[in-house]
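The values are calculated or read from the model by the stated rules, or taken from the named source; none is laboratory data. Being a predicted model, the structure only gives us computed values, none of them experimental. Note that each Cβ is placed from the backbone with ideal geometry, even for glycine, and that neighbours are counted across all protein chains shown.
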Amino acid sequence: MIDENKPPRESDYPLGVIACLTLGFEIAAHYPQLAILPFLLDIYLWLGPRLSLKPLLDKMSVLWATPPTTELAAAYQSLNQIIDEVGQKYNLFALLEPAPLLGVPSLMSKHLTLLRPFGERPTIPVTSAGMIVSWVLFLILIGLGLAAVYLWQIGTRIGEEIEKPPVKPDTAFSIWRNLLKLTFWLLLTLVGVGSPVLFVSSLLSLFSFGLSSFLITLVLSAGVFILLHCIYTIPSMVQFRKTPFQALRESLILTRADFSGVLGLLLAILIISQGLNYVWTLPAPESWATLIGIGGHAIVSTALTISFFIFYQERVIYLEILKKAYAASTTKSPAETR
């Protein structure tokens, strides 16, 4: 264990944001092997082939070539520029990190580059809708499998290192299965909510582009607020072997109980990760100095993930202590309460 001679804590009150970040970086420094998986993933996304959507996007470009109204001309021009940039540089292998915490943290999945130290990267073209669906499903399955192994390693190490009752995560396969279930329900919810919103927004754009943009902004803001309340779902599934629905319920309770703490932690993680990501991407992709950025990102992102898991575990165990204290106080005999 880290710092075995450290005196026991005087209180069961959960650690704060700074203490959790400090402990997370200590564990990551003592066990750098936890960062091997994100390091190897970024090496592949940097040096390996690129899965390109350009052939398919070129075929579909006729669908958004001409705006339906003159008011949308500028918006369509911007959209065409973005789509062209995606077709030129985007690597579909980036789906090996489907989303934060749903995948192994990656620097190169967000870094659109065509070059590597020994020349331009080879390209695997995606030429049909069926091909892209097959690749997306395959990459998400593999990405969630890598995430399950990564989170299992982190959860196991945290259970051995912190000063709380030991918590042993389930197997990596069980975590992968729960991640698949969670992803399925998230996608189903996204389609169920997003489809009518896009339909209504499209109708509104025929009359007022500003009103359509306001509707989308309103829905996105509501979505972010809901996601903030679901932030503990994955740590709950990993650390305490909860099903996705049990983990969602627990996440809602914990987030409502300490919403300011959640915001503080997420803000600290965002500042640290995004600030350092700028530093990690300073070397040109064709330079071997990019290895330094990849290694630094792997260690820091692992430390931040550990910190987040510790922050969650501290609060869920403290909540259990409060429940037991409340239960004990309500079961006192009448003589004891006089």
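Within the stretch 267-296, can you find the residues that are among the hydrophobic types (A, V, I, L, M, F, W, C) and surrounded by 15 or more Cβ atoms within 10 Å (Cβ to Cβ)?
Ala268, Ile269, Ile272, Leu276, Trp280, Leu291, Ile294
Of (1) part of a helix (DSSP H, G or I); (2) within 30 Å of Phe308 (Cβ to Cβ); (3) of a type outside the set (Ser, Thr, Tyr); (4) modelled with pLDDT under 85, Asn80 satisfies all except one. Which?
For Asn80, the exception is condition (2).
Only one of these conditions is not met by Leu180: (1) touching a residue at least 60 places away in the same chain (Cβ under 8 Å); (2) within 16 Å of Pro98 (Cα to Cα); (3) out of contact with any strand residue (DSSP E or B) (no Cβ under 7 Å at 6 or more places or on another chain). Which number is it?
(1)
For the condition in contact with a Pro (Cβ under 9 Å, 6 or more places away or on another chain), in contact (Cβ under 8 Å) with a residue 40 or more places away in the chain and of a type in the set (A, V, I, L, M), what is the one hit in Leu96, Leu92, Leu114, Leu102?
One residue alone meets the criteria, Leu114.
This table checks each residue for (1) in a strand (DSSP E or B); (2) of a type in the set (Lys, Arg); (3) closer than 30 Å to Ser287 by Cβ.
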residue: Gly87; (1), (2), (3): no, no, yes
residue: Ser106; (1), (2), (3): no, no, yes
residue: Ile124; (1), (2), (3): yes, no, yes
residue: Tyr150; (1), (2), (3): no, no, yes
residue: Gln153; (1), (2), (3): no, no, no
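Quick one: in the stretch 252-266, of everything that is of a type outside the set (A, V, I, L, M) and more than 12 Å from Arg315 (Cβ to Cβ), which residue is surrounded by the most Cβ atoms within 10 Å (Cβ to Cβ)?
Gly264
Out of Leu291, Leu304, report the one residue that is touching a Gly at 6+ places or on another chain (Cβ under 9 Å) and closer than 20 Å to Leu107 by Cα.
Only one candidate passes the filter, namely Leu304.
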